[in-house]
Amino acid sequence: MTRQRWALRALGAAAVLTTVSAVAACGSDSPASTSSSDGPPAVSVSGTGEVEGAPDTLTAQIGVETQAGDVTAAIGASNAAITTVTNAVVSAGVSRADVQTQQVSITPQYSGALPGGTNAISGYQATNTLRVTVRDLSKASTVLGDAVSAGGNAARLSGVSFRVDDNSKLLSDARSRAFADAKKRAEEYAKLSGSDLGKVLSISENVSGQEQSSTADSARSAQSLAVPIEPGQQTVSVSVNVKWALN
């Protein structure tokens, strides 16, 4: 005897009841065979969960950019400037282990870039960029200001972002909310289809909001100035797609 389960699609709730042809002996209470080409009857539902927390860590790309007529002079100026910036950051309270070189480059500059110029090399530009992690946000404003001041006109500041260093509790709470949201929807669809919700067949998740960007003005004078920052709140969002068997 062959029985056909019907399919229900609801775009707003991201749920799909799968269609199944199950073959069983007449009068048998055996469930649908999991080996059928369409699989057992099931419902797949998406759920989301969001939790807010206060960031406690800042990361920033701090670097220098120098120009000179020859390679040696350009890289020498870059090395001197980045050393000064590094010392300023460490003096402001950052652990040296949290200062990491991200990029070093030397590129030729061409006189042809100007109207009437030629393709001859007119000089060289050297850049050196650090990734600085500040674990005490009360020091972050001073760290950025001192770094920019130490680098002077060669200083470059970008990529400022905040995060919760240990966000395991936030993730756990967000997952719980996302799963509860998905299960509530699944129970509704199971009821609508005249079925009971069975065991979980699969779970997949997507996490976002673990780091949030900010902006900081790198056009600072050579004076020692603190760079204003506002960490705000960080929202950790988890979306899950859970598939339940239908009994």
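The values are calculated or read from the model by the stated rules, or taken from the named source; none is laboratory data. Keep in mind the model is a prediction, meaning the values are calculated, not measured. Cβ coordinates were reconstructed from backbone atoms using ideal geometry, including for glycine residues, and neighbour counts include every protein chain displayed. The protein model used for the area step is the full one, side chains on, heavy atoms only, and it has no ligands, DNA or RNA in it. Shrake-Rupley method; radii C 1.70, N 1.55, O 1.52, S 1.80 Å.
Summary table below
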item: Only one of Val99, Val160, Val134 that is surrounded by 20 or more Cβ atoms within 10 Å (Cβ to Cβ), on the phi < 0 side of the Ramachandran plot, at pLDDT 95 or above and hydrophobic (A, V, I, L, M, F, W, C); result: Val134
item: Residue check for Val89: open to solvent by less than 60 Å² (accessible area, probe 1.4 Å) and not in a loop (DSSP other than H, G, I, E, B); result: yes
item: Residue in the stretch 28-47 that is assigned to a loop (DSSP other than H, G, I, E, B), modelled with pLDDT under 95, out of contact with any strand residue (DSSP E or B) (no Cβ under 9 Å at 6 or more places or on another chain) and of a type in the set (A, V, I, L, M) present; result: no
item: Of the criteria (1) modelled with pLDDT under 95; (2) in a helix (DSSP H, G or I); (3) not charged (D, E, K, R), which one Ala182 fails; result: (1)
item: Candidate set: the stretch 54-73, residues that are open to solvent by less than 40 Å² (accessible area, probe 1.4 Å) and among the aliphatic types (A, V, I, L, M); chosen: the one nearest to Val132 (Cα to Cα); result: Ala60
